[in-house]
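Colleague: The structure's right below; bear with me while I get my questions together.
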Amino acid sequence: MTDREKRKGIGAKVKQRGMEIGMKLMNDPKNQQRLLKAMDALQKGKSQLEELAEQVLHLYGLPSQKDIKALSKRIGQLKKQAAEIRQRLQED
């Protein structure tokens, strides 16, 4: 058995054991409530971090992930329009 196969087997065992422990913890209503609160706090923190990162990027004149997604969407729209115009020109 190679080292990689051994690591893969160990990783699978750790993952399985983690799932078992997670299921035991989730069966306790108190833990469920704590987990929900922790996830909510994590989500709020993530949102705040994303907003701060966006502000810093804009401060330096760089596009944010939102900007890049919006530009990608607009490029797709323009490509579609260009294809439609080419099609009309070929028909004439």
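The values are calculated or read from the model by the stated rules, or taken from the named source; none is laboratory data. Everything numeric in this text was worked out from a predicted model, so none of it was measured. Don't worry about glycine lacking a Cβ; one is built from the backbone with ideal geometry, like all the others, and counts go over all protein chains shown.
So that you can scan it fast, the table gives a plain yes or no per residue for (1) exposed (fewer than 10 other Cβ atoms within 10 Å of the Cβ); (2) hydrophobic (A, V, I, L, M, F, W, C):
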{"position": "Thr2", "(1), (2)": "yes, no"}
{"position": "Ile10", "(1), (2)": "no, yes"}
{"position": "Gly18", "(1), (2)": "no, no"}
{"position": "Leu35", "(1), (2)": "no, yes"}
{"position": "Met39", "(1), (2)": "no, yes"}
{"position": "Gly61", "(1), (2)": "yes, no"}
{"position": "Leu71", "(1), (2)": "no, yes"}
{"position": "Gly76", "(1), (2)": "no, no"}
{"position": "Gln81", "(1), (2)": "no, no"}
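Colleague: Also: So which of Leu35, Leu62 is out of contact with any Asp or Glu (no Cβ under 6 Å at 6 or more places or on another chain) and at pLDDT 95 or above? I'd like the intermediate steps shown before the answer.
Modeller: Values: Leu35 fails: at pLDDT 95 or above.
After ruling out the rest, the residue left standing is Leu62.
Colleague: Any residue in segment 42-59 that's surrounded by 10 or more Cβ atoms within 10 Å (Cβ to Cβ): show its pairings with residues that are hydroxyl-bearing (Ser, Thr, Tyr) and at pLDDT below 95 at Cβ separation under 6 Å, as long as the two are six or more apart or on different chains.
Modeller: Close Cβ pairs (under 6 Å, with a partner that is hydroxyl-bearing (Ser, Thr, Tyr) and at pLDDT below 95) amount to Glu54/Ser64; Leu57/Ser64.
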